[in-house]
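Structure record follows, encoded as structure tokens.
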């Protein structure tokens, strides 16, 4: 068993490419960009360069229209009848099928429901119930906290029958042993942006007979994910980041289709019942993913997500990935041109193939620097203790935005102007 | 121990009142109604008499405006900054405090989060963890199904350490014994409308050392509830019925304040952490109700609820209850005037003090009759196998509406016209 663990690359290193060498070249690149037309779908303030879509994606015009339509044309006018005449009842499946295309899943393998945390609990609890004599759930130190918290709560609920083993990434493969029934990892790390090789880690989990659950929150919509090819058992993910579903928009969950019948729901709500309108006293799980519904979903949030997903229609995710890599490489290149400003250090993997769609720089004065950038209209976010995080959503971030944002970062850091910046607003939620 | 169980009345029988004896008298009563002004807050089609607000409350103008404001003025314009500058982060507490006033709770005892099903799981799971050597959760046959399903899932998850005992209402007090750690009941029954005496049943639970959890889904906003006076430990409830929060709007949960520190969350998500933005690996529950947050909430749904709750500002719930009783009594009186139409039978308690704000009639052709009523613009709903359910929300249902709806019901049943009605749309969700 490997004691040293080299993180495998997510994908082959991309062919060498020439990055724009001037702002004018960025403009040219934007004009040629196959994705450029999608930017018009977003309600973006031209005075702002928004590099925090990995935390909260921006409003699209279709999301706004869809929500307004549900408010006035459905809820307001047709009231209770809307459940049927406007297909509210099937929204969780319909939206799941749309997301499936973005993560290499079959349409019937994905359901939109609840929050990422709740969905993680659902699947991890089901796996715990099916653990046999195995005791161990493995995750990594510094995984997105809610993943660890949910697993801690679950193992406590098991009364010690299951235990959570959290180790640094370099000891991960070693920790996945024959006592492990579930491995829970986030594909693209929320801080560093480093990504796992889903296929290799899933294979390791399967080699010892464990289930593999991927959190795709920082991947979906920004880079191709192929759950089917990876063989993953379970996945969950967020829709308010690169999918632009709206603040706190409902999350999704995935169960590989051959497991559908054997994975029993734990949060057994009436919407997951085989015949919810029979109103029988005894729970009988629906077939397929429907059993993983629980209570009544917040439909205005579903409407927003439905509208937002329109921006992904016919999108080639390889195009999105190619552009995302160019944007992140360009950003790093300009920030470091002639040497990074003093005190600023790249804290993401340098090799773009090992990174998602955001880039992180570390600086001891990171918080103040981010405030100064926000005051200049460049919105990224700060993550304690010292990280400046910049997300590059390929659907609406332009090459010129990257150029300007990188210049702004250099200027702020080199000038030291952040020390007297009036920044006061703290960008909060991942 | 009582083997026979008389359901105690919810409140003293109201003073004798004279019901309107003609449609003209209904109009007069509407003109004098202290609540009449609130109807203008709702976006109601004048051609429709909406008696299904106990399933999905109608849109208010403030809810629509609030959602549109969040779409364009907050999410659309201020993006990630909205978490702080628009107070998104505190919405679950702010809305909880507003609901607290309607259910006799302290502002800090109520939180808005997730769905009723999920919130019930949270509290019942916490109670299960604190059960000591007791094994029994007691509920009643025919309780709203999701309550029973959630408890079934929970007891299965406990591996048989806890068991769910479900008995008919008349054997309930007997079933609440020294082996019971939790009693879960719905205050107003979703079918019959019959209500429990919260104080008496809670006292019974406490007498044997059990915790009491009330589901207030069919009570909140329609009649006064006094959790504080009842001594209840826990409560959950729905906001898309009488509170008009919007389809699937988020639910609430209540924990009596002296239990706040000892009730440990089980669905341990990052939003319930004591310092979520520390992003530490170890879960440490927040103080107060905040610990019962889990993932990121769907904020557009919260905005809708926030707008909807404006209709309850300064509302005297005793006024609402008085009107609700008059509406339901009037409805029953007109339907039964000179004897109920053949085959139609009141299936709610006749005594209004023992009933919530909806009334149910049974008829073998109930489904077709409800379709015929809907075709005539009178919207109630059907519950298998034979129940016609009519909700009377005192904030927007008028005395004339009741008159006309009751006349329509009589006419449809007596004429037999429902046998040839073209009704095709089935009102679905409770």
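The values are calculated or read from the model by the stated rules, or taken from the named source; none is laboratory data. Quick caveat, the model's predicted, so the values are computed rather than measured. Every residue, glycine among them, receives a Cβ derived from its backbone with ideal geometry; neighbour counts consider all protein chains shown.
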Tell me whether region B:103-117 contains one or more residues that are free of Cβ contacts under 8 Å to residues at least 24 places away in the same chain, in the same structural domain as residue B:258 (by TED's automatic domain parsing) and surrounded by 22 or more Cβ atoms within 10 Å (Cβ to Cβ). no
With the condition kept exactly as written, say whether any residue in region B:84-103 is at pLDDT below 95, assigned to a helix (DSSP H, G or I) and over 28 Å from residue A:72 (Cα atoms). yes
Could you go through region A:299-310 and let me know if any residue there is farther than 16 Å from residue A:100 by Cβ, assigned to a loop (DSSP other than H, G, I, E, B) and assigned by TED's automatic domain parsing to the domain that holds residue A:117. no
In region A:281-300, anything within 7 Å of chain B (Cβ to nearest Cβ) and within 18 Å of residue A:84 (Cα to Cα) is listed as A:295, A:296, A:297, A:298, A:299, A:300
Count of region B:342-352 residues which are at negative phi and either surrounded by fewer than 21 Cβ atoms within 10 Å (Cβ to Cβ) or not assigned by TED's automatic domain parsing to the domain that holds residue B:403 (or both): 7
Would you confirm whether any residue within region A:124-131 is under 15 Å from the mean Cα position of the chain (by Cα) and assigned to a helix (DSSP H, G or I)? no
Please work out which one of (1) over 23 Å from the mean Cα position of the chain (by Cα); (2) buried (at least 24 other Cβ atoms within 10 Å of the Cβ); (3) within 14 Å of chain B (Cβ to nearest Cβ) is the condition residue A:367 fails and give its number. (2)
Would you check which residues across region A:247-280 are at negative phi, within 7 Å of chain B (Cβ to nearest Cβ) and without any contact (Cβ under 8 Å) to a residue 60 or more places away in the chain and list them? A:249, A:268, A:269, A:270, A:273, A:277, A:278, A:280
Quick check on this structure: which one of A:59, A:91, A:95 is under 21 Å from the mean Cα position of the chain (by Cα), more than 10 Å from chain B (Cβ to nearest Cβ) and crowded, with 19+ Cβ neighbours inside 10 Å? A:95
Assess whether residue A:54 counts as being within 12 Å of chain B (Cβ to nearest Cβ), at pLDDT 95 or above and out of contact with any helix residue (DSSP H, G or I) (no Cβ under 8 Å at 6 or more places or on another chain). yes
So residue B:353 passes all but one of these: (1) touching a strand residue (DSSP E or B) at 6+ places or on another chain (Cβ under 7 Å); (2) within 24 Å of residue B:222 (Cα to Cα). Which condition number does it fail? (1)
For region A:385-392, check the following and say yes or no: at least one residue is within 14 Å of another protein chain (Cβ to nearest Cβ), in a loop (DSSP other than H, G, I, E, B) and either farther than 28 Å from residue A:33 by Cα or modelled with pLDDT under 95 (or both). yes
Taking region A:266-295 on its own, how many of its residues are touching a helix residue (DSSP H, G or I) at 6+ places or on another chain (Cβ under 6 Å), surrounded by 24 or more Cβ atoms within 10 Å (Cβ to Cβ) and within 27 Å of residue B:385 (Cβ to Cβ)? 8
Here is a check on your reading of the model: is residue A:161 in contact with a helix residue (DSSP H, G or I) (Cβ under 9 Å, 6 or more places away or on another chain), touching a residue at least 24 places away in the same chain (Cβ under 8 Å), surrounded by fewer than 24 Cβ atoms within 10 Å (Cβ to Cβ) and outside any helix (DSSP H, G or I)? yes
Got at least one residue in region B:136-153 being assigned to a loop (DSSP other than H, G, I, E, B) and surrounded by fewer than 19 Cβ atoms within 10 Å (Cβ to Cβ)? yes
Suppose we filter A:85, A:110, A:138 for residues that are at the interface with chain B (Cβ under 7 Å from one of its Cβ atoms) and either over 21 Å from residue B:154 (Cα atoms) or touching a helix residue (DSSP H, G or I) at 6+ places or on another chain (Cβ under 6 Å) (or both); which single one remains? A:85
